Amino acid sequence: MPDSRAIVILTGAGISAESGLETFRSADGLWANHRIEDVCTPEALARDAALVHRFYDLRREALATVVPNAAHDALARLERAWAGDVLIVTQNVDDLHERAGSRTIIHMHGELNSALCAACDRREPWSGSLPPGAVCPSCGAPRLRPDIVFFGEIPYQMERIEEALAGASLFASIGTSGAVYPAAGFVRMARSMGVETLELNLEPSAGSGWFDDCRHGPASLLVPRWVDELLAQP
Ligand code: BV8
């Protein structure tokens, strides 16, 4: 039975764009300057670990130079003030939701500030450069890799996400092109379970047609307004 107040929010690169982090599919985005096959697949890591580690080192460095924007801040405010559960499921690997004060977050595609041991599967908080061959502090193997879900790998905490969707009264998607699965399928999953769906995005996404309501514009304007609207409800 849906919790009458539970909200699940999916975010993508668009919510961090106004903080200065690159998105993926814009004209000058990450995938315009790097082939996915070269930097975001297990085969790429096996073929050219130095290139893959460098790609994520540069993005981890960039993260240290940016701050959350009004959209991240508004979602943290919603979690504090809303009577029911608010879960952020982010495709983003940045830590801007955490730095804005959100606490209930699932990074379904991994995190820049984490290293994963390919030998023992343990994760370590990580800042700075992560070179190929870095030694795992838990098992000692020289097998640390970026804690990133590559294409062809299974996103994290899928069961928990699906349970949260089933129990939600509202599913909101913010700043994502709806190009990558299984995240792009969450709106259909939500609809099939009778959950109300809302899209907040700069422009129509690949999945816009599946949403009950779509609002287009910059997240830093749309998200605070939407949170004010929710919190003004009786
Ligand atoms: C998997 C790593 C099996 C981190 C990423 C059907 C079902 C299942 C799988 C597939 C399927 N079809 C194909 C697949 C395979 C594949 C896939 O989806 N391929 C695509 C290309 C067709 N999926 C996978 O391989 C996934 N794994 O399926 O495993 C499985 C699945 C479930 C259960 C069991 C087994 C793994 C996918 C994860 C890959 N890793 N990234 C990193 O490098 O960052 S994906 C990458 O794309 C990022 O994570 C990113 O978050 C994600 C999505 O991109 P967006 O966030 O949407 O960013 P984008 O630039 O595209 O769009 C930005 C949007 O923001 C735009 O719409 C723009 O208009 C808007 N915007 C811009 N500025 C603003 C704004 N909005 C508001 N305000 C602004 N200011």
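The values are calculated or read from the model by the stated rules, or taken from the named source; none is laboratory data. For clarity, every value in this text was computed on a predicted model and none was experimentally measured. Backbone-built Cβ (ideal geometry, glycine too); neighbour counts: all protein chains shown. Quick note on the areas: whole protein, heavy atoms, side chains included, nothing else; ligands and nucleic acids left out. Shrake-Rupley method; radii C 1.70, N 1.55, O 1.52, S 1.80 Å.
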Scan the range 171-199 residue by residue and report those that are aliphatic (A, V, I, L, M), touching an Asp or Glu at 6+ places or on another chain (Cβ under 9 Å) and within 10 Å of the ligand (Cβ to nearest atom). I174
Inspect all residues belonging to the range 53-68 and state whether any of them is polar (S, T, N, Q) and within 9 Å of the ligand (Cβ to nearest atom). no
Please enumerate the residues belonging to the range 57-114 that are touching a residue at least 40 places away in the same chain (Cβ under 8 Å), open to solvent by 50 Å² or more (accessible area, probe 1.4 Å) and of a type in the set (K, R). R77
Which residue pairs have Cβ atoms under 8 Å apart, sit 6 or more places apart or on different chains, and have a first residue in the range 10-36 that is under 16 Å from N201 (Cβ atoms) and a second that is aromatic (F, W, Y) and at pLDDT below 95? A13/F24; F24/W31; R25/W31
